[in-house]
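The values are calculated or read from the model by the stated rules, or taken from the named source; none is laboratory data. Predicted model, so just to flag it, every value in this text is computed and none were measured. Cβ: placed from backbone, ideal geometry, glycine included. Neighbour counts: every protein chain shown.
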Amino acid sequence: PESITVAELANRMAEKTSDLVKALFKMGSPSASTDLLDQDTAELLVTEFGHEIIRVSEGDVDIRHDEDIDDAEHLKPRAPVVTIMGHVDHGKTSLLDALRGANVVAGEAGGITQHIGAYQVKTPDGSQVTFLDTPGHEAFTEMRQRGANVTDIVILVVAADDGLKPQSIEAIAHAKAAGVPIIVAINKVDKEGANPQRVRERLLEHELVVEEMGGDVQNVEVSALKKTGLDKLLDAIAVQAEIMELKANPDRAAEGTVIEAKLDKGRGPVATILVRRGTLKVGDIFVCGAESGRVRALIDDQGKQIKSAGPSMPVEVLGLGGVPMAGDTLTVVENEARAREVATYRQEQATRKRTVQAPVSLEGMFEALA
Ligand code: GDP
Ligand code: MG
C-alpha cells in the first residue's frame, strides 16, 4: 500500500495540516506534518474528517473550545462542572455532602441519594451546577493526563483554623496548570481560632488575589458542619460560570466522558458519563473507550430512570459491552458496524500506547507545562 505524509493527506482532504496533526496527537500517534502515515491511520483519519457524526477524537478536545466543533448559533448555555480540591481534613467531603444535602428535598426519591460519581445542584438563581464527587488531586490529574479536561471550575477548600497547607498549594498549581479558575471556600469558620483573613492574605503569595484585595478571585466563608455560606458559594459558582460563558450544542449526537465505571453484579457494566455535548438518549449506539454498546437505560443522580441527558449532566449508562476506564470518551455513532470498527481501532491504539509510552510523572508534567 502506498504511504502518504500528513501534509499530503491534509491537502487531499482539503483540511488544515495542523488539524490532522492535532487529531493524530489525540489518537495517541503524535506526528509531524512530514511524517509518513501507515494505511490504517490514514484511513481512520479520512473517516474521521469525512463523517459527520463521529470524530473519534472529538471528545478529547477541551470542552471550552466548543466553538471549534459546533457553530456558535447552535451553542446553548450549560452548567459548569466543578471539582473540589484542598488539603486533607479541610472539609472537602463534608462540603460535598452539605452541598448535596442542601439540595435533596426531603421525601424526594425516598431521600435516597445515590453515588454515581457526580451530581447536580441548583443554585439560588435556579441554574444548575455539576459537582464531581471524587475530590482530590489524583482524580483531577489522572483525568487530565488522559486528555479529559472536564473541570470548568475548581473549589479550593481551605480550613480557616489551619490555613494554606502543602496540598492546598498543590491544588492551586494543578488548577493553574489546567487553566481552570479557582473559587476559594474558606471552611470551618465556625471553629474557634478560625482566621479567614489570614487565609486571604496567604493566598496572595500564590498569586490568588481575592476581590476584597482588588483581585478577581472569589472567596466565600463557609461551614460545612453548620451548613452556612453554602448558598453564597453556589452564587459564586454561578457568577464564575456566567463570566466563562460555558456553552454546548445539545442538538447533536452525544459525546461524554467516563467519570467512573464498574461491573455491577445485577446490571452488568455500568458507567457514569458526564455528557459534554449533544443529548444522550436511550437506544443510542455508542463507542466508549475501547467498548461499544447501546444505551439500555439512563439513570440520573437521584436514581431515577430518564430518557435522555443533555450537556453537563452526569448520568449512569447501562448497556455497555464491557467496563471502560475513567477519562474514556463516549461517542454516539450511526450504527453498530461503525461502533465495532471504532472500538477495535481504539483497542489497538490502547495496546500500542501501553507498549510505547512510559508513565508520565507529575514532575514531568509540571515541567512540560511550565
Ligand atoms: P476532607 O479530608 O477534606 O474530605 O475532610 P472531611 O470532610 O473528611 O472533614 C475533616 C474533619 O473536619 C471532619 O471531622 C469534619 O467533621 C470536620 N469538618 C469539616 N467541615 C467542618 C466545618 O465547617 N466546621 C467544623 N468545625 N468541622 C468541620
Ligand atoms: Mg474526604
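Remarks
- Flag for residue 12 being modelled with pLDDT under 80, more than 24 Å from residue 155 (Cα to Cα) and either in a loop (DSSP other than H, G, I, E, B) or small (Gly, Ala, Ser) (or both): no
- Consider region 324-336 and keep the residues that are more than 20 Å from residue 144 (Cα to Cα) and in contact with a Lys or Arg (Cβ under 9 Å, 6 or more places away or on another chain). The one that is modelled with the lowest pLDDT is 336.
- Output for region 159-179, where each listed residue is hydrophobic (A, V, I, L, M, F, W, C) and touching a residue at least 40 places away in the same chain (Cβ under 8 Å): 159, 160, 164, 171, 173, 175, 177
- Within region 116-140, if we keep just the residues that are assigned to a helix (DSSP H, G or I) and surrounded by fewer than 19 Cβ atoms within 10 Å (Cβ to Cβ), the residue that is farthest from ligand 1 (Cβ to nearest atom) turns out to be 138.
- Of all the listed residues (212, 245, 207), the sole one being within 30 Å of residue 298 (Cα to Cα) and not β-branched (Val, Ile, Thr) is 245.
- Selection over region 74-96 of residues that are charged (D, E, K, R), under 30 Å from residue 277 (Cβ atoms) and within 11 Å of ligand 2 (Cβ to nearest atom) gives a count of 1.
- Those strands (runs of 3 or more DSSP E) lying entirely in region 218-307 with at least 1 residues surrounded by fewer than 24 Cβ atoms within 10 Å (Cβ to Cβ) and among the basic types (Lys, Arg): 255-264, 291-299
- Scanning region 141-190 for residues that are among the small types (Gly, Ala, Ser) and assigned to a loop (DSSP other than H, G, I, E, B) turns up 147, 148, 160, 163, 179.
- The one condition from (1) surrounded by fewer than 24 Cβ atoms within 10 Å (Cβ to Cβ); (2) farther than 15 Å from residue 261 by Cα that residue 319 does not meet is (2).
- For region 169-203, taking the residues that are away from ligand 2 (no atom under 16 Å from the Cβ) and at positive phi, the one that is surrounded by the fewest Cβ atoms within 10 Å (Cβ to Cβ) is identified as 193.
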